[in-house]
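Trainee: My questions will all concern the structure given below.
The values are calculated or read from the model by the stated rules, or taken from the named source; none is laboratory data. Every value quoted in this text rests on a predicted model; they were computed, and no experiment measured them. Cβ sites come from the backbone with ideal geometry, for glycine too, and all protein chains shown count toward neighbours. Heavy atoms of the whole protein, side chains included, go into the accessibility calculation; ligands, DNA and RNA do not. Shrake-Rupley method; radii C 1.70, N 1.55, O 1.52, S 1.80 Å.
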Amino acid sequence: MQSALFNFHSFVTVVLLLICTCTYLKMHFPSLLIRRTGFRGFFWKAARIGERLSPWVAIGCAVMGMSILFW
């Protein structure tokens, strides 16, 4: 079994899921991602990417979903 770090398809899936999860958490629980530095700052940045690039993230999620289902 390959790790997500060595398989590009799995790595992109994990990154997209991280971005979507952080964005969802920031919308529903904004106090969790207030800090912009340190360990939680990484998740804040992922949530910011999800907020600003949401059409591209949505397209990426749709493409990854189709590739998982059909390939």
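Trainee: Quick check on segment 22-33. Is at least one of its residues in a helix (DSSP H, G or I), β-branched (Val, Ile, Thr) and farther than 20 Å from Met66 by Cβ? Explain how you work it out, then say what you get.
Mentor: Of the residues in segment 22-33, the ones in a helix (DSSP H, G or I) are 22-28, 30-33.
Adding the requirement that they be β-branched (Val, Ile, Thr) leaves 23.
Those still in the list that are farther than 20 Å from Met66 by Cβ too: 23.
Within segment 22-33, one or more residues are in a helix (DSSP H, G or I), β-branched (Val, Ile, Thr) and farther than 20 Å from Met66 by Cβ.
Trainee: Tell me which residues, restricted to segment 13-29, are hydroxyl-bearing (Ser, Thr, Tyr) and surrounded by fewer than 18 Cβ atoms within 10 Å (Cβ to Cβ).
Mentor: If the condition is that a residue be hydroxyl-bearing (Ser, Thr, Tyr) and surrounded by fewer than 18 Cβ atoms within 10 Å (Cβ to Cβ), then Thr21, Tyr24 are the ones that fit.
Trainee: Under the condition of being outside any helix (DSSP H, G or I) and under 18 Å from Val14 (Cα atoms), which residue from segment 34-71 is most open to solvent (accessible area, probe 1.4 Å)? Give the steps one after another, and end with the answer.
Mentor: Applying the first criterion (outside any helix (DSSP H, G or I)) to segment 34-71 yields 34-37, 53, 71.
The next check asks that each one be under 18 Å from Val14 (Cα atoms); those that pass are 53, 71.
Values: Leu53: 85, Trp71: 226 Å².
Checked segment 34-71; the qualifying residue most open to solvent (accessible area, probe 1.4 Å) is Trp71.
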